[in-house]
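The values are calculated or read from the model by the stated rules, or taken from the named source; none is laboratory data. Keep in mind that what you see is a predicted model, and the values were worked out from it rather than measured. Using ideal geometry, Cβ is built from the backbone for each residue, glycine included, and neighbour counts are taken over all protein chains shown. Remember, those area values only see protein heavy atoms, side chains included, never the ligands or the DNA or RNA. Shrake-Rupley method; radii C 1.70, N 1.55, O 1.52, S 1.80 Å.
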Amino acid sequence: MAIAASVDHRSFLGMLDTADREFLLSLGEPRTFRAGARPIVQGDHSDTVFLVISGLVKVTVDTPEGREVVLSLLGPGDLLGEFEIIEGGASVRMAGNVAVQRLDCLVIAGERFMTALTSHPALALALMRVLVGRLISADRRREASASMDVGRSLASYLIELADRYGMAGESGIDVAFPLTQEELAGLISCSRDSAVRGLGTLRTRGLIRTMRRRIVVTDLDGLRRFASGQGHARLR
């Protein structure tokens, strides 16, 4: 199983040096999931950790009203299901995953993963940095939703996606996650109508192009300027 050509340095795998990376990769068994498959199901009692080798995945939760809400997006080098393993005991999976394209993973037994964290401090440090990074990202997103208008908040999140998972092409940076407008709205804590208006503003300014479940950033520098507040129309 080949590792994706570009593993982001902010991912768990990307933070490890060559020796620790090779050790980690020796711990698991390869497994492939088709698009739409669920490596982890919310409410299950499974005790494994998944390391994403290639592909993209949504982290989701089901609400009491029966809605599926997207919490975050993960890709090559990221871990799935580590929270419950760290917590220990008979932990129930708090969230689920949905592969949005073919997903190649290494499946690591929870006990083996925990032993590795003890025997290789660099792994434990990398995991701590990942978790802190997620908290900081979540705090920034909450701050953006509270202090920015929807257009800027949306621009900031698209920049994050483009930086981590975007694929450069002749016409711009293809944000590879096939998100619905409702899912995108949930990720930046706004209504679907506001997200639609925000996308329209970014399109009108020539910063993005949109197709069905696809966004291409056509002017990343311009999107950064817009997100920073340099000339934007306020949306509510």
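Please go through region 156-194 and pick out each residue that is of a type outside the set (Ser, Thr, Tyr), closer than 17 Å to ASP8 by Cβ and in contact with a helix residue (DSSP H, G or I) (Cβ under 7 Å, 6 or more places away or on another chain).
Step one: filter region 156-194 for residues of a type outside the set (Ser, Thr, Tyr), giving 158-164, 166-170, 172-179, 181-188, 190, 192-193.
Filter again for closer than 17 Å to ASP8 by Cβ, leaving 158-164, 166-168, 173-177.
Hits for region 156-194 are LEU158, ILE159, ALA162, ILE173, VAL175, ALA176, PHE177.
Might you check whether a residue that is assigned to a strand (DSSP E or B) and either under 22 Å from ILE40 (Cα atoms) or open to solvent by 40 Å² or more (accessible area, probe 1.4 Å) (or both) occurs anywhere in region 109-125? First the steps, then the outcome.
Of the residues in region 109-125, the ones assigned to a strand (DSSP E or B) are 109.
Filter once more, so that each one left must be either under 22 Å from ILE40 (Cα atoms) or open to solvent by 40 Å² or more (accessible area, probe 1.4 Å) (or both): 109.
Within region 109-125 (the criterion being assigned to a strand (DSSP E or B) and either under 22 Å from ILE40 (Cα atoms) or open to solvent by 40 Å² or more (accessible area, probe 1.4 Å) (or both)), the answer is yes, since at least one residue qualifies.
I need the full set of residues from region 152-168 which are of a type outside the set (Lys, Arg) and closer than 20 Å to ARG205 by Cβ, in order please.
Just the residues of region 152-168 that are of a type outside the set (Lys, Arg), to begin with: 153-163, 165-168.
The answer is SER153, LEU154, ALA155, SER156, TYR157, LEU158, ILE159, GLU160, LEU161, ALA162, ASP163, GLY166.
Taking only region 149-206 into account, find how many residues are outside any helix (DSSP H, G or I) and among the acidic types (Asp, Glu). Working first, answer last.
So the first thing to find is which residues in region 149-206 are outside any helix (DSSP H, G or I), and the list is 149, 166-180, 188-191, 205-206.
Right, trim to among the acidic types (Asp, Glu) and you get 149, 170, 174.
Final tally of qualifying residues: 3.
ALA122 - would you say it is under 19 Å from HIS9 (Cα atoms), out of contact with any His (no Cβ under 8 Å at 6 or more places or on another chain) and either free of Cβ contacts under 8 Å to residues at least 60 places away in the same chain or not small (Gly, Ala, Ser) (or both)? Spell out how you get there, then give the answer.
On the way: under 19 Å from HIS9 (Cα atoms): yes; out of contact with any His (no Cβ under 8 Å at 6 or more places or on another chain): yes; either free of Cβ contacts under 8 Å to residues at least 60 places away in the same chain or not small (Gly, Ala, Ser) (or both): no.
No.
Answer with yes or no whether ARG31 is open to solvent by 70 Å² or more (accessible area, probe 1.4 Å), of a type outside the set (S, T, N, Q), assigned to a strand (DSSP E or B) and more than 17 Å from MET114 (Cα to Cα).
Numbers: open to solvent by 70 Å² or more (accessible area, probe 1.4 Å): yes; of a type outside the set (S, T, N, Q): yes; assigned to a strand (DSSP E or B): yes; more than 17 Å from MET114 (Cα to Cα): yes.
Yes, satisfied.
Filter region 164-182 for residues that are of a type in the set (D, E, K, R) and closer than 16 Å to GLY55 by Cα; which is surrounded by the fewest Cβ atoms within 10 Å (Cβ to Cβ)?
From region 164-182, those of a type in the set (D, E, K, R) are 164, 170, 174, 182; that's our starting set.
The next check asks that each one be closer than 16 Å to GLY55 by Cα; those that pass are 164, 174.
On the way: ARG164: 20, ASP174: 18.
For region 164-182, the residue satisfying everything is ASP174.
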